[in-house]
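Below is one structure, written out as structure tokens; the observations come after it.
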Amino acid sequence: MRAVWKREVKHIAWALNLVPFLVLVSVLIPFFPGNALSAEAVRAKSVQIPAEAFFRKPDRDHFRLSPDGLSVSCLASLRGRMNLRVQRLSGGPPRFVTTFGDRDLTYHLWKTNEILLFGKDIRGDESFHLFKVNADGSGLTDLTPFDGGRATLLDELPDDPDHVLITLSLAHQESADVHRLNIRSGSLEKVAGNNGRIVDWLADHSGRVRIALEKRGEKTVLLHRPHSDSAFQPVIEVDLEVTIKPLLFTFDNRNLYAASNMGRDKLALVVFDLDGGMEREKLFEHRDFDIQALSHSRKRKVLTHVSTLGWRTEHHFFDERSRDLHESWRRRLGGDEIEVVDTSADEQVALLRTSSDLSPGRYYIACGTSRIPVELAVVNPWLPSDQLRPMTPVVVTARDGLALHGYLTLPSPDHSAPFPAIVKVHGGPWQRDRWRYDAEVQFLANRGYAVLQLNFRGSTGYGRRFWKASFREWGRRMQDDLTDGVRWLIDRRIADSARIGLYGSSYGGYAALAGLSLTPELYACGVAVSAPADLCRLLGNVPARWKPFGSALYRMIGDPARDREALEAVSPAKRMDAIKAPLLIAHGKLDPRVSHEDALSLVKNLKKRGVLVRSLIFEDEGHWITGEANRIRFYLALEEFLNAYLKAGKPGGT
């Protein structure tokens with residue numbers, strides 16, 4: 001059973017050096033099994049967990065299963081970098097098959113029982129390459145050794161032991177073509193050329209690339225070809241607000257399973273007729289949320305379930321066998337979320353992962369006719385779960401009546417509120433916060449802060465109308481939603497009105513700067529990471545691979561030519577005179593999305609005005625801070641900064 005809606009994953013790196021580890025051990029000794037302290041006593045004690053315990057890299061995570069079900073692989077920490085490790089399930093010592101020290105691996109999979117593939121950012125600027133290595137550690141090879149190139153895995157072609165499909169753009173090439181890559185010889189065969197406007201592809205069950213999504217201004221065109229050697233032809237054209245996301249070919253390779261909101265608000269699972277250019281059948285629609293992912297059995301050629309993301313992940317099953325297995329696993333494993341990460345080729349062995357707001361994850365192997373899960377690994381076993389804080393679902397009503405879902409994490413179970421508080425803003429902005437373990441949230445709560453994560457308008461998963469409500473609302477209604485969240489915290493005496501900070505990365509960093517410049521009276525301080533400060537500059541310097549989305553971005557954010565005045569009105573770089581509160585800024589010099597020069601300019605101008613600014617510019621980081629030393633440096637600086645401006649000298653401060 002495999003999920004077929006794949007999203008870009010940003011892998012966060014953590015670190016731990018020897019000295020903090022000795023401190024960590026001394027702190028965590030009371031929480032080890034056999035200690036007499038009860039859970040209630042531990043909570044009452046409120047021990048401060050070292051920052052390294054939250055942001056140290058997992059010793060092992062991101063497990064995958066070999067096709068024969070006899071071996072597992074994972075990404076494991078080796079001298080502060082996530083490398084690839086392999087182990088036989090029958091026993092024996094694990095073996096590191098890569099030993100990179102410069103950057104983490106980003107993903108991996110078993111191509112055969114002997115060969116693994118993985119991705120790695122070569123320079124830190126999202127220049128991803130595809131590598132292979134044998135399960136015994138030999139044969140390490142960069143399969144896409146093109147300077148300045150960028151390769152992504154499109155289809156692993158599980159029935160073909162020699163080939164995969166990749167998208168590949170070479171240096172100075174703005175769009176990516178599809179190539180069939182021979183993993184043994186390294187030879188490439190282009191099987192679909194990009195006209196500069198194709199943003200997505202899909203192969204059928206025989207490995208033939210037959211679907212393409214093309215951007216034509218604000219329109220999206222679904223293209224199809226019946227054979228690999230025929231030309232793509234348009235099937236249907238839809239407006240920006242309408243989504244048809246191809247997920248999987250039907251098992252006869254004739255039509256599509258797709259996520260579609262044609263004629264409806266929420267994304268539903270449909271069968272899309274490629275000949276007629278229309279929905280043939282609606283298989284599932286959730287009343288409140290978009291569908292998120294579709295899973296299927298390759299062996300039995302059936303859909304197993306579709307997932308939606310509400311307060312938590314929900315599954316709708318099409319297949320009785322899969323439903324029964326999932327229910328039996330839930331009875332044994334409890335109320336955490338359960339994910340089928342991987343299966344053997346014969347689907348007799350399953351790799352499971354459980355997780356929750358208080359647990360970064362546990363992995364299990366379930367095999368044979370009983371399918372009883374056996375624990376394989378615990379992610380971050382050093383975390384004292386009794387000291388972690390639950391994420392509570394909340395609803396905030398915006399000033400225009402829109403219901404905003406979010407999560408509130410309080411620093412203690414008692415009633416010592418109002419607390420100093422952090423409004424943590426997700427990036428994207430067309431993403432969303434969800435119920436899960438969040439190291440940043442737990443770190444902040446452990447330090448005594450209430451944390452609000454609000455899915456402001458435009459956050460994904462809530463339907464077309466909610467998403468469209470964000471169009472051209474950067475710094476306006478999207479920012480008002482965050483302001484209304486702050487008022488909600490204050491009105492309920494959750495937050496001390498004099499001790500509220502705003503924190504985010506990417507779009508969240510923009511929102512932090514916007515909050516300090518548009519509503520400076522609300523915030524005692526702000527933290528902005530990889531933040532665009534000038535919207536016209538942001539829209540005029542998008543990465544080459546985003547250029548097909550240019551017209552859509554102009555409609556969603558604003559046109560830097562026609563809407564310059566409106567964009568500048570909500571650009572923090574143009575409103576620096578309004579910023580009064582202390583600010584912490586962090587940025588990577590290799591960032592291909594937002595220039596670090598924006599951060600340097602902002603810091604220079606604010607310091608000239610006498611605003612308290614601390615800046616961290618990382619020489620070897622891109623849009624995300626991934627290096628262990630860099631991350632530890634950032635979070636220690638964050639802790640010091642928040643202590644100074646949300647606790648020290650403030651009403652009720654400590």
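Every number here is computed from the coordinates shown, using simple stated rules; none is lab data. This is a predicted model, so every value here is computed, not measured. Cβ: placed from backbone, ideal geometry, glycine included. Neighbour counts: every protein chain shown.
Once the other residues with Cβ under 11 Å from the Cβ of Cys367 are scored (Lys, Arg +1; Asp, Glu -1), what is the net sum? Could you put the intermediate results ahead of the total?
Numbers: positive: Arg371; negative: Asp346, Glu347.
Once positives and negatives cancel, what remains is -1.
Taking +1 at the Cβ of each Lys and Arg and -1 at the Cβ of each Asp and Glu, which of Gln387, Val238, Phe100 sits farthest along the dipole of the chain towards its positive end, judged by Cα position relative to the Cα centre?
Farthest towards the positive pole: Gln387.
Starting from the Cα of Arg88, step 7 Å along the direction of its Cβ; do the same at Arg492; then give the gap between the two resulting points in nm.
About 5.5 nm separates the two model spin labels.
Classify the stretch 292-397 from the C-alpha gyration tensor, please: rounded if a/c falls under 1.5, else prolate or oblate depending on whether a/b exceeds b/c. Walk me through the numbers before you get to the answer.
Details: a/c = 2.47, a/b = 1.34, b/c = 1.85.
Oblate, since a/c reaches 1.5 and b/c is not below a/b.
Label Glu568 and Asp229 with points 7 Å out from Cα along Cα→Cβ: what is the distance between them in nm?
For Glu568 paired with Asp229, the spin-label model returns 5.8 nm.
What ³J(HN,Hα) values, in whole Hz, does the Karplus curve 6.51 cos²θ - 1.76 cosθ + 1.60 give for the stretch 58-69 when θ = phi - 60°, with x put for Gly and Pro?
Karplus-based 3J(HN,Hα) across the stretch 58-69 equals x, 5, 6, 6, 6, 6, 9, 10, 5, x, 7, x Hz.
Taking amide H positions as placed 1.01 Å from N in the peptide plane, with prolines and chain starts having none, which residues 5 or more places from Phe618, or on another chain, fall under 5 Å of its amide H?
His587, Gly588, Lys589
Counting only helical runs of four or more DSSP H residues, what would the 222 nm mean residue ellipticity of the chain come to if each run contributes -39,500 (n - 2.57) and the total is spread over all its residues?
Values: 13 runs with 124 residues, N = 654.
When only DSSP H runs of four or more count, the value is -5500 deg cm²/dmol.
Hey, quick one: spin label on Trp311, modelled 7 Å out along Cα-Cβ, who in the stretch 417-454 has an amide N within reach, i.e. under 17 Å?
Residues 433-437, 453-454 qualify, since their backbone N sits under 17 Å from the label point.
So what J values fall out for the stretch 578-584 if you push phi through Karplus, 6.51 cos²θ - 1.76 cosθ + 1.60 with θ = phi - 60°, rounded to Hz, Gly and Pro as x?
Each residue's phi maps through the Karplus curve to give 7, 7, 10, 6, x, 9, 10 Hz.
Between Ser601 and Asp239, what's the calculated FRET efficiency when r is the beta-carbon distance and R0 is 25 Å? Round to 0.05. Intermediate results must be reported in sequence, preceding the final value.
Values: r = 37 Å, r/R0 = 1.49.
FRET efficiency, Ser601 to Asp239: 0.10.
Can you tell me the length gained on complete extension of the stretch Val302 to Glu640, counting 0.36 nm per residue apart and subtracting the Cα distance? Show your work: numbers first, answer last.
Values: separation 338, 0.36 × 338 = 121.68 nm, distance 5.36 nm.
Taking 0.36 nm per residue and subtracting the Cα distance, the gain is 116.3 nm.
Which trypsin sites (Lys or Arg not before Pro) in the stretch 390-451 sit in a loop by DSSP (not H, G, I, E or B) and have at most 13 other Cβ atoms within 10 Å of their own Cβ? Can you show the working numbers first?
Numbers: sites: Arg399, Lys424, Arg432, Arg434, Arg436, Arg447; in loops: Arg399, Arg432, Arg434, Arg436, Arg447.
Loop-located and lightly packed - Arg399.
Debye calculation, C-alpha points only, no solvent: report log10 I(q)/I(0) for the stretch 352-487 at q = 0.10, 0.13 Å⁻¹, in the same order as the q values.
Computed log10 I(q)/I(0) values: -0.43, -0.66.
Considering the Cα trace of the stretch 389-647, what is its radius of gyration and what is Dmax, both in angstroms?
Computed over the Cα atoms of the stretch 389-647, radius of gyration and Dmax are 17.3, 53 Å.
Among Met391, Met478, Met262, Met278, rank each residue by its count of other Cβ atoms within 10 Å, from fewest to most, as a rough exposure measure. All intermediate terms of the calculation are to be shown ahead of the outcome.
Numbers: Met391 27, Met478 24, Met262 16, Met278 12.
Going from least to most buried by this count: Met278, Met262, Met478, Met391.
Around Val542, with a cut-off of 12 angstrom between Cβ atoms, what is the net charge of the other residues, counting Lys and Arg +1 and Asp and Glu -1? Provide the component values of the computation, followed by the final result.
Values: positive: Arg537, Arg545, Lys547, Arg593; negative: Glu174.
Local net charge: +3.
Under the classification rounded if a/c is under 1.5, otherwise prolate if a/b is larger than b/c and oblate if not, where does the stretch 491-630 fall, given a ≥ b ≥ c as square roots of the Cα gyration tensor eigenvalues? Don't skip to the end; give the middle numbers.
Details: a/c = 1.68, a/b = 1.26, b/c = 1.34.
Judged from the Cα gyration tensor, the stretch 491-630 comes out oblate (a/c at least 1.5, b/c at or above a/b).
If the viscosity is 1.306 mPa s and the temperature 10 °C, what translational diffusion coefficient in µm²/s does Stokes-Einstein give for the stretch 241-330 when Rh comes from Kirkwood over Cα pairs? Mind dumping the intermediate values first?
On the way: Rh = 13.7 Å.
It comes out at roughly 116 µm²/s.
In straight Cα distance, which lysines are under 24 Å from Lys132, not counting same-chain residues fewer than 8 positions off?
Lys6, Lys10, Lys57, Lys111, Lys120, Lys190
Of all GluC sites (Glu not before Pro) in the stretch 570-654, which ones are in loop regions per DSSP and have a Cβ with at most 16 other Cβ atoms within 10 Å?
On the way: sites: Glu597, Glu619, Glu621, Glu628, Glu639, Glu640; in loops: Glu619, Glu621.
Counting only loop positions with at most 16 other Cβ atoms within 10 Å, the GluC sites (Glu not before Pro) in the stretch 570-654 are Glu619.
Using a Förster radius of 30 Å, what is the FRET efficiency between Glu189 and Glu619 based on their Cβ-Cβ separation? Nearest 0.05, please. Can you show the working numbers first?
On the way: r = 39 Å, r/R0 = 1.30.
The formula returns an efficiency of 0.15 here.
Give me the number: length gained by fully extending Leu70 to Met278, i.e. 0.36 nm times residue separation minus the C-alpha to C-alpha distance, one decimal in nm. Before the final figure, lay out the partial values.
Details: separation 208, 0.36 × 208 = 74.88 nm, distance 4.38 nm.
Full-extension gain reported as 70.5 nm.
Stokes-Einstein D for the stretch 419-472 at 20 °C, 1.002 mPa s, Kirkwood Rh over Cα pairs, in µm²/s? All intermediate terms of the calculation are to be shown ahead of the outcome.
On the way: Rh = 12.2 Å.
So the translational diffusion coefficient is about 175 µm²/s.
Candidates (i) 77, 61, 50; (ii) 69, 67, 47; (iii) 75, 61, 56; which is the computed Cα extents along the principal axes in Å?
Matching the structure shown: (ii).
Could you give the nm distance between label points at Arg555 and Arg332, where each point is 7 Å from its Cα heading toward the beta carbon?
4.9
Going 7 Å from the Cα of Asp288 along its beta-carbon direction, which residues of the stretch 429-447 have the amide nitrogen within less than 19 Å of the resulting point?
432-436
Multiply the residue gap between Lys608 and Asn113 by 0.36 nm, knock off their C-alpha separation, and tell me the result in nm, one decimal place. Don't skip to the answer; put the middle values down first.
Values: separation 495, 0.36 × 495 = 178.20 nm, distance 6.08 nm.
Answer, rounded to one decimal: 172.1 nm.
Where a ≥ b ≥ c are the square roots of the eigenvalues of the C-alpha gyration tensor, would you call the stretch 259-307 rounded, which needs a/c under 1.5, or, failing that, prolate if a/b is larger than b/c, or oblate? List each step's numbers first, then the result.
Values: a/c = 2.94, a/b = 1.19, b/c = 2.48.
Verdict is oblate for the stretch 259-307.
In whole Hz and in residue order, list the ³J(HN,Hα) couplings for the stretch 112-121 that follow from phi through the Karplus curve 6.51 cos²θ - 1.76 cosθ + 1.60, θ = phi - 60°; x for Gly and Pro.
Listing the rounded values in order: 9, 5, 10, 10, 10, 10, 8, x, 8, 7 Hz.
Could you list the trypsin sites (Lys or Arg not before Pro) in the stretch 251-331 that lie in coil according to DSSP, counting only those with at most 10 other Cβ atoms within 10 Å of their Cβ?
Here the trypsin sites (Lys or Arg not before Pro) that fit, given the DSSP loop and packing criteria, are Arg287.
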